[in-house]
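To start, the structure itself, in structure tokens.
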Amino acid sequence: MVELYLKVAAGGLLIGTVYALIAIGLTIIFGVMRVVNFAHGEMVVMGMYLGYALWTLFAIPAIPAALIAAVVLFGLGVFLQVTVVSRFVGRPQHSQFILFIAFALVITGLHLMLMGPDARSVMAPISFQTYSVGGLRLDAARVQAAATALVMILALVAFLRFTFIGRAIRAAADNPLGAEVVGIRSGRVYAVTAGIGLACAGAAGALVSPLFDAQPFLAPEFTLLAFIIVIIGGLGSLTGALIGGLLIGVAEGFAALLINPAMKSMFSYGLLIAVLLLRPAGLFGGREAR
Amino acid sequence: MVRRERKRTGRPRGVVAATAFFCALFLVPHLLDDAWVAVLTLVLFFAFVGQAWNLMMGHVGLLSLGHALFLGIGGYTTAVLLQDYGMTPWIGIPAGALVAAMVGAGIAWLGFRFSVRGVYFALLTIAFAEFFRILFSNWPLIGGTGGYFLRVVPEDNVPLLSLRGGADHFYYLFFVLFLVGLIVSARLVRGRIGMFWSAIREDEDAARALGVRSFRLKVLVVAVSAAMTACGGGAFALMNGSLFPNTLMGMQMSIQIILAPIIGGLGTLFGPFVGAVFVVLVLEFSRDLGQTAGVYGLSTLIYGLTVLGVILYMPEGIWPRLVRLAQPLRRDR
Amino acid sequence: MLLAVHGLTKWFGSVKAVRGIDFGVAKGEIVAHVGPNGAGKTTCFNIVAGAMRPSAGTVRLDGIDVTNQPPEEMAARGLARTFQIMRPMAGMTVLENALIGPLARGLAMADARGEAYRALERAGLEDKAESPAGLLTLPERKMLELARALSTAPRLLLLDEVMASLRPAEADRIVALLQDLRAEGLTILLIEHVMRVVMSLADRIVVMHHGEKIAEGTPADIAANRTVIDNYLGRRGAQ
Amino acid sequence: MTCNPAVDRRTILKGATAGAALSITPLRHVRAAGTPVKVGVLLPTSGVLAFLGQACRRGIDLGAKMMAENGAPAVEILHVDTESKAEQGRVAAEKLIREGCSVLIGAFDSGTTISAAQAAEAAKVPLVVNIAAAPQITSQGFKYVFRNFTPGATLVYNAVARIKELSSLTGVSPKTAVLMHVNDTFGHAVAKGVDILWQKLNVPIEIVDTISYSRLAKDMSVEIGRAKAAKPDILMPVTRVNDAILIVRELVKQNVELFGVIGPGSPGPYEKAFTDATGKYGDEYMDCVPWYDPTRVKTRRAIAAFAEAYPDQRFELNVGFSYEAVEIVADAIARAGSGEPGALQAALRATNLQDHIMYGGPITFDETGQNPNIGGVLLQNQGGTPKVVGPAEIAVAKPVFPMTPFAER
């Protein structure tokens, strides 16, 4: 039994790291533009399909595929931001919401047309491999995905801290008006932010492609998951998203183990309600968020 | 916006147009075949629940993304009272509305008590809707995910008593609901309460400083909206004869509910109907096209692109645009 | 005293914005709060109006403890206020803006309309009754703030810098209106930077600095008070 | 699109003819011969269930083609997509009835089927249910609904019976089992049925744990971890395709040692997507489902025709039952001698098809409209394809039980 608990905890932490990467993508866009990307899950699924296609066509494994997916989705993010989303920054929430619902529908439609409705699974040996760590068997794909996600998160943090544009993004997130005043061109900052947000989603999608089968209709689940993590961690906070991701990964694992797997996400929603009511800044957010 | 409409329909021309419109709607089953009647029934359904949602968003500025919850509560209450307790939907639907109003008021009370606002309020509604969806999915008494089914309508069915029947019957059921919804909304919105609601939407702090008791008025609008949505859910359950938490109470349904009023025009009385016509017809059209072309996913793509087009080029919605086209000389903006 | 504030204190996190202030406003009196930006004047206002809860201290209206009452309750008790940053309900017409107050008092629609028109007339906005409030000019918005406050038929009026950034002629109109109102027996508490106005209008002046009351008295007293001149009037009084 | 019904009719007809031209070319000859009877088909060819809806559609189209070749009366197939939405069932049915369809086939999922059945019942047009397992479809008193698919209870009865006789078939007697099921409409009904029948049939295997998981499960590691902890001899998962694949992956990764994995009436493991994704690890996975009878000539012909028409697809039960639905309708039309819905209803009620492709007795309908003679087989994936391994009378292979441990593959 102890082994099972350890395994659930380890599995939760590993997948939680990937969840965190997804959530960071969502939170960074919100932090800077105050725009909520309701099509985030669709972007993750896009990454999954990219992972699938890259493996099936060119035998590119998940880690390089994640880099490619990140680049592709970065491009998509910049494109969408410059062409459409920029006009919606500052517009009412319902308007933004419908915009992203429309994105979600278009992307799902394209997925269906290109890939069909059936689940696409990466048929790679890694899907069946495990690492043994002190008697604990861990999925190879999951360990690799978590490690890569962690590296990407750290790289992102370094980028935000040590590059000019990264600092501009952080400044914009802290105070959009202030950033404008000190002369940071918000258009460029916004475009890069949107690119990074989508890149996170895409990379995470490609990383989990050997673990989960890609299917167009998985998307809403990912979106809601990212929301839960982000709210629990505190909207706009990277650290919060990381801790939130790990927390949700582990919590869902234990809820499934101890209560009822079919009801495990009920636990997450209950937690979400509690956090929204009692700690709107998130469990780990310092600043008052509203 | 509310105001502009009032003046418009206040004129003879507006009254004539509105009367003609309702007569046409009333005659639909005599003019069109059952398939169109079924499609228009869905239009009326989405117009009605869209109207209910619009009360909250369009008139008070409270964004709910979890309205499917109230649909589910209304549907399940009506269905369970009918099937397990033999109660006519004449009792079941109001009972569902009452339960939904209480749940809605409870959520609103919690949310406002802890001053949850904006995106956070929207997320709170999603969280509650999903929470209840999973709860209903795992509730054996109502069949869980297995669904809840109504027995077939008996031979000696009296539609006016059982509220169940054929295509025409459901058309008129939703027609009446839509009409009542429109009248109730109009009376609320144009009366004293509506004035307070608008004030809250525009600036809650300023409204409170003028003596508007915003807390109870906000709880009230959520309760009214929930109750109306639940009525729609009850009738919807009678029409389909089966209920499933995942389809009736899922995120997809919540999104479908709010598309019509946003596309039609927020905060207007006719927007939800116009939006519902648009949304349902685009869906019908794109589905046929996808079927014809044999390309699966085409319908979703077209639907998405259409919604994108509307939100990009008519951000205020179709109805205000129509009103402006009909009266090119009015210049109040 | 119509309004009596005692020991009012407000913390924002670790910053003490208001430090144990006492002041009162008698019936029919005009009292002005002056002081540099950040002196805690608006915070005091917000607490009196119920928009903020004090960390300590009491607010009494007619001798009744109304500390922590919400703004709508204060409005029902006859307190009306304007906002420093104007907040017209932009999507509604000017008339509708002025209707909210009377309706909230429970008047029937027809009576409320009459009240609203009367308030607009006093503010000189009757011609604009049907235009959207969002289209008003800056002075018109100020007048709308005032009209909206008057529409609630207040006993005590709280005015937060209504004169700011108005031209002298516009400001004079407001001064005249306020003098009329006082003549009708309305009690007024105002925050004002324009010393010319304060000196001509106020019966009593409360000077605030760093969240503390540093002086109180008639305009003549204050003008003679060295501390005040050093701290505040020293710069502005010369204008 | 306008509100003019004529326009829409044209659109639909065009759609139908285009569809027919693409997939069922021979129909054109047939239609020339006489006035074809219009058969409306409602399936979820888009939306969440599209994968399965499209499999059904292949079965329908193949059925229509084969019937035409066999000289059955002319039929014209009209397809309408239900988008996997329950409320579309009614709209789709009304549409098809408006187009003059005198009989409907559909609708795969239970919610849509009930919704369509209400419209069919009101219009007195028979509905032949190809697939949908909710017991309520034939227990709510519909007079125009005929189901040639097993309701949950029968499905489970057959499955449990197959599992019970497993030990006599193989000489190995498992003692304990873990039941896992996806928490959707179907999985829920089946799992409930298994619980009830386990007692009723006195199966000498103890169910030590029951685990239900969300229909959108992306990850089964915890579920399998929990199942493993119960140390069962057999695992009985009621799945869809995706989760069946996830389960196999987890079993391999967690190196769970079992006598066997047997789905009690579970969709999924016989799908091509499953065997493709799991490869050698998907072999020896068993399932108890209604299935085609591989020993019949008719079946072999249908499979051959299917392989020719859809070389990349597998002929499985969705295809088979949809095929049979067309066969039932064609048979009823031939006997009724007219395309009038009332006559068709009477003819359907009197259906008695001895020679058909799915395993079981003759196709007949009892007073509730249910075919009570559908059997269930024990399938086992061998060499990447599902093979019938039980009951002995139609088995084409021997069951491998206990299965080869994953580590030794």
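The values are calculated or read from the model by the stated rules, or taken from the named source; none is laboratory data. Since the model is a prediction, treat every value here as computed from it, not as a measurement. Cβ coordinates were reconstructed from backbone atoms using ideal geometry, including for glycine residues, and neighbour counts include every protein chain displayed.
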In the list B:95, B:100, which residue meets the criterion of being touching a residue at least 12 places away in the same chain (Cβ under 8 Å), closer than 30 Å to residue B:203 by Cβ, touching a helix residue (DSSP H, G or I) at 6+ places or on another chain (Cβ under 8 Å) and in a helix (DSSP H, G or I)? B:100
The lone condition residue D:267 fails out of (1) within 16 Å of residue D:317 (Cα to Cα); (2) more than 19 Å from the chain's Cα centre (by Cα) is (2)
Of the residues in the stretch D:116-139 that are polar (S, T, N, Q) and at the interface with chain B (Cβ under 7 Å from one of its Cβ atoms), the one that is farthest from residue B:236 (Cα to Cα) is D:136
Please identify the pairs in which a residue from the stretch D:208-224 that is facing chain A (nearest Cβ under 7 Å) and in contact (Cβ under 8 Å) with a residue 40 or more places away in the chain has its Cβ atom under 8 Å from the Cβ atom of a residue that is crowded, with 19+ Cβ neighbours inside 10 Å and in a strand (DSSP E or B), counting only partners at least 6 apart or on another chain. D:223/D:180; D:223/D:211; D:223/D:213
Go through the stretch A:266-284 and report how many residues are within 14 Å of chain D (Cβ to nearest Cβ) and touching a residue at least 40 places away in the same chain (Cβ under 8 Å). 2
Restricting attention to the stretch D:240-264, and to residues there that are at the interface with chain A (Cβ under 9 Å from one of its Cβ atoms) and touching a residue at least 60 places away in the same chain (Cβ under 8 Å), which single residue is farthest from the chain's Cα centre (by Cα)? D:255
Of those in the stretch B:201-217 that are over 15 Å from residue B:189 (Cα atoms) and basic (Lys, Arg), the residue farthest from the other protein chains (Cβ to nearest Cβ) is B:216
Filter the stretch D:248-304 down to residues that are in a loop (DSSP other than H, G, I, E, B) and of a type in the set (D, E, K, R) and give me whichever is surrounded by the most Cβ atoms within 10 Å (Cβ to Cβ). D:271
Which pairs do you get when a residue that is within 11 Å of residue A:266 (Cβ to Cβ) and more than 7 Å from chain A (Cβ to nearest Cβ), found in the stretch B:116-138, comes within reach of a residue that is among the hydrophobic types (A, V, I, L, M, F, W, C) and part of a helix (DSSP H, G or I), reach meaning Cβ atoms under 6 angstrom, with the pair 6+ apart or on two chains? B:132/B:69
Given the stretch C:22-126, what strands (runs of 3 or more DSSP E) lie entirely inside it while holding 1 or more residues that are within 15 Å of the chain's Cα centre (by Cα) and within 17 Å of residue B:200 (Cα to Cα)? C:79-81
Picked from the stretch D:93-115 (must be within 23 Å of residue D:36 (Cβ to Cβ) and within 9 Å of chain B (Cβ to nearest Cβ)), the residue surrounded by the most Cβ atoms within 10 Å (Cβ to Cβ) is D:93
I need the full set of residues from the stretch D:269-283 which are free of Cβ contacts under 8 Å to residues at least 40 places away in the same chain and of a type in the set (Val, Ile, Thr), in order please. D:278
Condition check for residue B:82: surrounded by fewer than 24 Cβ atoms within 10 Å (Cβ to Cβ), of a type in the set (A, V, I, L, M, F, W, C), over 20 Å from residue B:243 (Cα atoms) and touching a residue at least 12 places away in the same chain (Cβ under 8 Å): no
Somewhere in the stretch A:31-43, is a residue buried (at least 22 other Cβ atoms within 10 Å of the Cβ), closer than 19 Å to residue A:147 by Cβ and within 14 Å of chain D (Cβ to nearest Cβ)? no
Helices (runs of 4 or more DSSP H) lying entirely in the stretch A:61-178 (those with 2 or more residues that are among the aliphatic types (A, V, I, L, M) and either away from chain B (no Cβ under 14 Å) or touching a strand residue (DSSP E or B) at 6+ places or on another chain (Cβ under 6 Å) (or both)): A:62-83, A:140-162, A:164-174
Sole exception among (1) modelled with pLDDT of 80 or more; (2) over 20 Å from residue D:136 (Cβ atoms); (3) within 14 Å of chain D (Cβ to nearest Cβ); (4) surrounded by 23 or more Cβ atoms within 10 Å (Cβ to Cβ) for residue B:169, by number: (4)
For residue D:169, indicate whether it is of a type in the set (A, V, I, L, M, F, W, C), part of a helix (DSSP H, G or I), assigned by TED's automatic domain parsing to the domain that holds residue D:264 and over 27 Å from residue D:272 (Cα atoms). no
So which of B:254, B:286 is among the hydroxyl-bearing types (Ser, Thr, Tyr), within 14 Å of chain A (Cβ to nearest Cβ) and without any contact (Cβ under 8 Å) to a residue 60 or more places away in the chain? B:286
